[in-house]
Structure formats: structure tokens, C-alpha cells
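The values are calculated or read from the model by the stated rules, or taken from the named source; none is laboratory data. Computed from a predicted model, the values in this text were never measured in an experiment. Cβ placement follows ideal geometry from the backbone for every residue including glycine, while neighbour counts extend to all protein chains displayed. SASA here: full protein model, heavy atoms, side chains in, ligands and nucleic acids out. Shrake-Rupley method; radii C 1.70, N 1.55, O 1.52, S 1.80 Å.
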Amino acid sequence: MKIEDDIKLDFADVLIRPKRSNLATRSSVSLERHFKFKVAKGQEVHWDGVPVMASNMDTIGTFEMAGAMEKHRALCAIHKYYTADDWQKQASGWFARYHNCGLVYTMGMGSDSSNWSELQKAQEVMRMVPAVQFICLDVANGYTEKFVRYVQTIRDAFPTHILIAGNVVTREMTEALILAGANIVKIGIGPGSVCTTRKVAGVGYPQLSCIMECADAAHGLGGYVLSDGGCTCPGDVAKAFGAGADFVMIGGMFAGTDEAAGEATEDGKVFYGMSSAEAMNKYSGGVATYRAAEGKSVVVPHVGSVDGVMQQILGGVRSACTYVGASRLKDLSKCTTFIRVNRQLNTVWGND
Ligand code: 5GP
């Protein structure tokens with residue numbers, strides 16, 4: 001047993017320190033980023049847009065959400081429970097008209113040991129929908145050797161797609177996934193709003209430190225990081241970018257929107273974790289006897305269209321940029337100094 005004594009920080013442990021700046025208004029801040037990804041055979045693929053991504057949870061990563069995110073030039077990780085037929089029905093719709101729209105295809109590792117069915121479905125979808133530029137290999141625990149080999153297999157099978165792989169939380173595994181062929185490493189274990197891994201397994205890593213450490217490792221190898229989970233408000237998204245995240249993935253903040261697929265109740269919309277008993281009952285025939293659920297189910301207030309939430313998020317990030325003198329989102333982390341705080345918010349009237 002070993003203890004690491006360094007303090008690891010979460011979003012709530014810090015604030016961004018304001019600095020003198022020449023920026024007169026938030027409207028002069030550009031949130032667009034231009035990314036170059038090294039793909040197979042020495043080629044480069046480019047993507048321009050606003051690097052906020054809707055999560056690949058089944059209630060969040062819907063086709064409707066993708067359409068709404070596209071209006072903001074942001075991304076949507078479509079969940080893996082859509083069938084190839086579901087994709088086919090969309091293929092001639094708005095997907096066909098856009099070619100830089102941040103559509104992310106999600107795949108898991110599959111249940112058969114060869115992952116053949118996952119691979120076949122992905123190949124079919126890529127053939128039908130050329131607008132899909134990103135493939136996200138998503139597993140709860142990206143630390144297995146089997147997963148690293150899987151990243152290599154998918155890199156070989158889809159040589160020109162932008163490959164996202166995770167989740168991991170430490171430098172060495174970020175490097176391992178990039179060396180295996182990932183362009184973007186998805187980082188975060190345990191920070192999610194409906195995740196209970198920290199409670200059930202006692203495993204996790206505070207998200208702000210996770211971003212700082214993994215981004216440093218990824219950037220050194222020409223890769224990028226996608227911070228996944230833990231953003232509870234626009235200020236957290238700004239802190240994630242300030243810490244060095246290239247992309248930020250959001251689940252819970254979008255859960256109450258019209259575009260989210262959670263069942264509507266009198267009190268709002270149902271939102272559950274992808275490792276919750278609810279999700280496992282729906283997709284895996286229940287919680288297997290050897291495991292415990294690592295997610296929970298909540299009802300969140302209905303908040304209208306995702307456009308309103310995106311305006312809050314993008315407005316918040318622009319504001320952070322003006323406070324530190326970053327005219328482009330790309331410069332935010334360079335301009336950010338965090339201060340550690342004992343108390344982040346004044347909650348005298350509640351937390352909203
Ligand atoms: P949020 O934005 O709600 O804080 O976090 C969303 C992220 O939580 C997702 O993108 C995913 O990585 C993670 N997540 C979703 N469901 C579960 C779950 O049931 N268990 C765990 N451990 N993580 C989950």
C-alpha cells in the first residue's frame with residue numbers, strides 16, 4: 001500500500017483569478033477552435049468548432065441533441081444503443097448536409113471476445129453516414145491491456161477517423177492510449193452527477209487535477225483530452241478549459257432539456273447513470289450477480305431547449321476569457337491562474 005500526499009483538486013476547490021485585460025467585451029472572445037489530428041499513414045484530419053460535447057449517455061446523446069448542438073457548432077456523442085437501422089433513418093436527414101458537425105459515433109468493447117459485432121456495426125454506420133468524423137471507444141475502466149489492444153484494432157480499422165478513447169485519469173494511461181492510436185483521451189472516473197463509483201468502489205480522481213495532469217501528458221505527444229463529467233455549472237466548464245481540457249463532455253447539465261430522452265414526470269425528467277440498475281435492467285437484463293450498480297437515478301427539473309443551457313455555458317466561458325485576457329478559447333489555459341479556496345460560493349439563498 002502506498003499513499004500519494006499531493007493534494008488533488010476538484011472544480012469546487014479553486015476559482016480563476018482575474019487579471020488585467022485589454023478585452024472590452026465578451027462578444028470579442030472566440031470559442032471556436034481549430035484542431036489538427038494525426039491519423040494513420042502520416043495524414044492529418046482537421047476539425048473546427050466549439051469543443052463542448054453532449055455525453056454519450058442514452059438520455060443525452062440523442063439524434064435530437066446532435067441537431068441542437070450542431071447549431072452551436074458543438075459536438076454530440078451519439079449513444080451506442082441506436083441500431084444501424086436507426087442511423088440509416090437519419091442518414092438522409094440533416095447529417096447529409098453537414099460535414100464538420102461534430103458527430104461522434106460511440107462504441108463499447110462488445111460482449112463477444114472478438115468484438116466482431118461492434119466492429120461490423122461501426123463499419124456499416126461509417127459507410128452510411130460519412131458526416132461522422134469521430135469514433136468514441138467508451139469503457140468505464142480504460143486501464144486494461146485488452147482495451148489498449150482494442151484501441152489499436154479500431155485505429156487500424158478506421159485509419160482516418162478521429163479516435164476518442166477512455167476513460168482514464170492518469171498520465172501514464174493517457175500516454176498509453178495515445179501511443180495505441182487515440183487522438184483524444186477521455187478522462188474522468190467518478191466525477192459524474194449520477195455516478196456512484198467513488199461510493200461503491202472507492203475509486204476516482206478529482207477532476208481538475210486529472211485534467212491538468214492528463215492534458216500535460218497528452219499535449220506532449222500531440223494528443224488531446226476530453227474532460228468527461230463533474231461540470232455542475234458554466235463556471236466548472238470554464239475551469240475545465242482553464243485547466244487544459246481541449247474538449248469538455250457534459251451529461252447532467254443537459255438532462256432536463258427538451259432534447260434529452262429521459263422520461264418526463266410531474267417533477268421533471270428522469271436521468272440515470274449508464275451503470276445504474278435502471279440502465280442495466282434496460283440493456284443487460286439486470287444487474288449481474290457478481291457486480292454492484294455504479295450509478296443512480298434522479299429526476300431533474302425541466303429546463304426547456306438545450307439552446308438556453310448552451311447560451312449559459314458559452315456565455316460563462318466567454319466571461320472567464322474576458323476576466324483573464326484570453327481573446328480565444330485556445331488561450332484560456334495559458335492565461336489561467338487558479339487560486340485555491342475554502343469556500344467557492346455564497347449559498348445563503350440555496351444552491352441555484
Ligand atoms: P455529468 O456531466 O453528469 O457530471 O457526467 C457525465 C458523465 O458521467 C458521463 O459522460 C459518463 O462518463 C459518466 N457516467 C454516466 N453514467 C455513469 C454511471 O452510471 N457510473 C459512472 N461511474 N459514471 C457514469
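Considering the Cα trace of the stretch 72-163, what is its radius of gyration and what is Dmax, both in angstroms?
In order Rg, Dmax, the Cα atoms of the stretch 72-163 give 13.2, 39 Å.
Can you give me the % of accessible surface on the stretch 147-278 that is carbon or sulfur? Probe 1.4 Å, all protein chains present, nothing else counted.
Carbon with sulfur: 51 percent of the solvent-accessible area.
To the nearest 20 debye, what charge dipole does the chain have about its Cα centre, counting +1 at the Cβ of each Lys and Arg and -1 at the Cβ of each Asp and Glu?
Here the chain has a charge dipole of around 920 debye.
Given points 7 Å out from each Cα along the Cα-Cβ axis, report the Asn141 to Asn346 separation in nanometres with one decimal.
4.6
Specify whether the C-alpha gyration tensor of the stretch 13-113 places it in the rounded, prolate or oblate class, a ≥ b ≥ c being the square roots of the eigenvalues: rounded for a/c under 1.5, otherwise prolate if a/b is larger than b/c and oblate if not.
Because a/c hits 1.5 or more and a/b exceeds b/c, the stretch 13-113 counts as prolate.
Quickly estimate the mean residue ellipticity at 222 nm for the chain, helices only: each DSSP H run with n ≥ 4 gives -39500 (n - 2.57), and the total goes over all residues, rounded to 500.
-9000 deg cm²/dmol
Apply the a/c threshold of 1.5 to the C-alpha gyration tensor of the stretch 175-216 and tell me whether it is rounded, prolate or oblate.
Verdict is prolate for the stretch 175-216.
Considering the dipole of the stretch 1-131 built from charges on the beta carbon (Lys and Arg +1, Asp and Glu -1) around the Cα centre, which of Gly61, Met126, Ala24 is farthest to its positive end?
It is Ala24.
At 20 °C and 1.002 mPa s, grab the translational diffusion coefficient of the chain from Stokes-Einstein with a Kirkwood Rh over Cα pairs, rounded to a whole number in µm² per second.
The Stokes-Einstein estimate is 104 µm²/s.
Can you run phi through the Karplus equation (6.51, -1.76, 1.60; θ = phi - 60°) for the stretch 138-146 and list ³J(HN,Hα) in whole Hz, with x for Gly and Pro?
10, 10, 5, 10, x, 8, 8, 4, 4
Of all the accessible heavy-atom surface of the stretch 1-133, with the other protein chains kept in place and a 1.4 Å probe, what percent is carbon and sulfur?
C and S fraction of accessible area: 49 percent.
Counting only residues 5 or more places away or on other chains, whose amide H sits under 5 Å from the amide H of Gly166 once H atoms are built in the peptide plane?
Leu137, Val139, Lys186
So what is Rg over Rh here for the stretch 107-207, counting just Cα atoms and using Kirkwood for Rh?
0.99
If I take every Cα pair under 8 Å that is 6 or more residues apart in the chain, average their sequence separation and divide by the length, what percent do I get for the relative contact order?
That works out to 22 percent.
On a 1.4 Å probe surface of the protein chains, which of His302, His72, His219 comes out largest in accessible area, and what is the full order?
His302, His219, His72
Hey, can you rank 130-139, 187-196, 41-50, 28-37 by average C-beta count inside 10 Å, highest first?
Most protected by this proxy first, the peptides run 187-196, 130-139, 28-37, 41-50.
When the Karplus curve 6.51 cos²θ - 1.76 cosθ + 1.60 is applied with θ = phi - 60°, which whole-Hz ³J(HN,Hα) does each residue of the stretch 85-91 get, with x for Gly and Pro?
5, 4, 5, 4, 5, 7, 4
Hey, what's the chain come to in accessible area per residue, 1.4 Å probe, Å²?
Accessible area per residue: 47 Å².
Mind listing the Cα extents of the stretch 1-62 along all three principal axes, in Å, largest one first?
47, 42, 34
Compute and list, largest first, the equivalent-ellipsoid semi-axes of the stretch 216-352 from the alpha carbon gyration tensor, each √(5λ) rounded to a whole angstrom.
The three semi-axes for the stretch 216-352 are 31, 21, 15 Å.
Based on alpha-carbon centroids, what's the gap between the stretch 49-104 and the stretch 159-203 in Å, whole number please?
21
Expressed in nm², what is the orientationally averaged projection area of the convex hull enclosing the Cα positions of the stretch 276-352?
9.7
For Tyr290, Tyr82, what's the largest-to-smallest order of accessible area, 1.4 Å probe?
Tyr290, Tyr82
Taking the inverse of the average 1/r across all pairs of different Cα atoms in the stretch 215-260, what Kirkwood radius in Å do you get?
11.5
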